[in-house]
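The values are calculated or read from the model by the stated rules, or taken from the named source; none is laboratory data. Keep in mind the model is a prediction, meaning the values are calculated, not measured. Quick note on the areas: whole protein, heavy atoms, side chains included, nothing else; ligands and nucleic acids left out. Shrake-Rupley method; radii C 1.70, N 1.55, O 1.52, S 1.80 Å.
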Amino acid sequence: MARRPDAKAKKKPPRTYHHGKLREALIEATLRLVEEGGPEAVTVREAARRSGVSSGAPFRHFPNRTVLMTAVAEEATHRLHAAVLAAVEPIADKPPLVQLRAIGRAYLHWAADNPTHFAVVSNRGLIDYESSSSMKRENEDIQALMGRLLDAAGAPAGAKLAARALVYGLARMSIDGHLPQWGVSSSGEALAAMDAALDLFLDALLRPRG
């Protein structure tokens, strides 16, 4: 007679990490949770379940939800930083305006390609930014690069904040689904529209003043 399965037994989730890679697996599981249900869906225990480990296993890496989300934001910032540098390095000998456009486009395109990462890194209420030396260092590196280029281009005071506000605002509008209200429907149209807005802003910002 065939043995009946134990109705009370719970099927264990498949193990999704290799030995020594639990931290990375938990970060990836957290990203999937954000993608499926938003940041509020994230708990350390659910990330553990998704990673195929016991509920207590992650706590030596991430003692609470904020620490876990901060690790995700650190990874996101690192990837954004790499994308910006990769866009600028080949054109380091070009005029400042060309390099500034490359930075802005790299930011906008990275956010469009990585909406889940952007949703975490752009919400300081989810993370402990001040505790992360890597996030602060890489953000300050991008800000310093922008500042040098804006100074070299003769931009007015406050230009760095204005430029940051523009690209952040455009990315946030795209991620939050606001662009269709402004006549931009497809993802291809969104990138083209954001690039055009960036060009318009930089042209106006750096136009010679009589």
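Is it possible to state the helix-based mean residue ellipticity at 222 nm for the chain, with each DSSP H run of 4+ residues giving -39500 (n - 2.57), the sum divided by total residues, to the nearest 500 deg cm²/dmol? What is it?
So the helix-based figure for the chain works out to -20500 deg cm²/dmol.
Order Ser122, Ser55, Ser185 by their accessible area, 1.4 angstrom probe, all chains in place, largest first. Working shown, then result.
Details: Ser122 25, Ser55 55, Ser185 90 Å².
Heavy-atom accessible area, descending, gives Ser185, Ser55, Ser122.
Roll a 1.4 Å probe over the protein chains and send me the accessible area per residue for the chain in Å². Write out the running numbers ahead of the final one.
On the way: 12290 Å² over 210 residues.
I get 59 Å² per residue for this part.
Once you have a ≥ b ≥ c as the square roots of the Cα gyration tensor eigenvalues for the stretch 86-210, tell me rounded if a/c is under 1.5, and otherwise prolate or oblate according to whether a/b is larger than b/c.
oblate
In terms of Cα to Cα distance under 18 Å, which aspartates and glutamates are near enough to Lys160, apart from those fewer than 8 places away along the same chain?
The reachable aspartates and glutamates, counting only those whose Cα sits under 18 Å from Lys160, are Glu138, Glu140, Asp141, Asp151, Asp195, Asp199, Asp203.
Whenever you get a sec, compute what percent of the accessible area on the chain sits on carbon and sulfur atoms (1.4 Å probe).
On the chain, the fraction of accessible area on carbon and sulfur atoms equals 55 percent.
Could you work out how far the C-alpha centroid of the stretch 22-55 sits from that of the stretch 72-91, in angstrom?
The stretch 22-55 and the stretch 72-91 have Cα centres spaced 24 Å from each other.
How fast does the chain diffuse by Stokes-Einstein, in µm²/s, taking the Kirkwood radius from C-alpha pairs at 10 °C and 1.306 mPa s? Provide the component values of the computation, followed by the final result.
On the way: Rh = 19.4 Å.
Result for D is 82 µm²/s.
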